[in-house]
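Beneath this line is the structure, given in C-alpha cells, with notes to follow.
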Amino acid sequence: MSDFLRKGRVTILLVQHTKDNGSAVWQSYPSLEKALEGVVASYEARLKDMNPLVQHIEYDISHLHAYIDELAECCALVKEGNVFVGVSKEELKDAMLNNLMSQSD
C-alpha cells in the first residue's frame, strides 16, 4: 500500500454513505494520499455538522476508522499502468494510519 502513497497515482475514491444506492458518490484525486485527505475532510465536515457550536473538535485515528466502518461502502481504485487496482476499506484504513504516522516523523 505504501507504494501507492509514494508514487502519487491517480485514485478514484468510491463512497456510499448509507445502504441507499442514491448515497453513492465518487471523486477523482491525483493520488491515494489526496483521496485519504478527502476522507478526513468529509469526516471533519460531519463532525462540524453534528457539533455546530463547538469551536475546536479533537479526534484520533480510532474515531476516523469508526467513521469509515460506518460507511456502507468505502473503497478506491488506484491507477497502475493501464488498469485500476482495487483498494479495500481495510487497506484504506491501513494507508491512512501509515500516512498519518509518516507525517508525524
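The values are calculated or read from the model by the stated rules, or taken from the named source; none is laboratory data. All values reported here derive from a predicted model rather than from experimental measurement. Quick reminder, even Gly has a Cβ in these numbers, built from the backbone with ideal geometry, and neighbours come from all protein chains shown. Just so you know, the surface numbers come from the protein's heavy atoms only, side chains and all, with ligands and any DNA or RNA stripped out. Shrake-Rupley method; radii C 1.70, N 1.55, O 1.52, S 1.80 Å.
Answer yes if at least one residue in the range 46-59 is in contact with a Phe, Trp or Tyr (Cβ under 8 Å, 6 or more places away or on another chain) and either open to solvent by 80 Å² or more (accessible area, probe 1.4 Å) or closer than 17 Å to LEU97 by Cβ (or both), and no otherwise. Yes; the residues of the range 46-59 include at least one that is in contact with a Phe, Trp or Tyr (Cβ under 8 Å, 6 or more places away or on another chain) and either open to solvent by 80 Å² or more (accessible area, probe 1.4 Å) or closer than 17 Å to LEU97 by Cβ (or both). Scan the range 41-62 for residues that are within 11 Å of the chain's Cα centre (by Cα) and not hydroxyl-bearing (Ser, Thr, Tyr) and jot them down. Hit for the range 41-62 is ALA41, nothing else.
May I ask you to verify whether SER62 is open to solvent by less than 50 Å² (accessible area, probe 1.4 Å), at negative phi and not hydrophobic (A, V, I, L, M, F, W, C)?
no
Per this entry, LEU71 is counted among residues that are more than 13 Å from THR11 (Cβ to Cβ), under 12 Å from the mean Cα position of the chain (by Cα) and hydrophobic (A, V, I, L, M, F, W, C). Of the strands (runs of 3 or more DSSP E) lying entirely inside the range 1-82, those containing at least 1 residues that are more than 21 Å from ALA95 (Cα to Cα) and not polar (S, T, N, Q) span 24-29. When the residues of the range 18-40 are filtered to those that are more than 9 Å from the chain's Cα centre (by Cα) and among the hydrophobic types (A, V, I, L, M, F, W, C), the one that is least open to solvent (accessible area, probe 1.4 Å) is ALA24. So is ILE57 among the β-branched types (Val, Ile, Thr) and at pLDDT 95 or above or not? Against the criterion (among the β-branched types (Val, Ile, Thr) and at pLDDT 95 or above), ILE57 does not qualify.
Do we find a residue being among the aliphatic types (A, V, I, L, M) and exposed (fewer than 11 other Cβ atoms within 10 Å of the Cβ) anywhere in the range 82-104? There is at least one residue in the range 82-104 that is among the aliphatic types (A, V, I, L, M) and exposed (fewer than 11 other Cβ atoms within 10 Å of the Cβ). Note on the range 65-78: residues that are among the charged types (D, E, K, R) and crowded, with 17+ Cβ neighbours inside 10 Å total 0.
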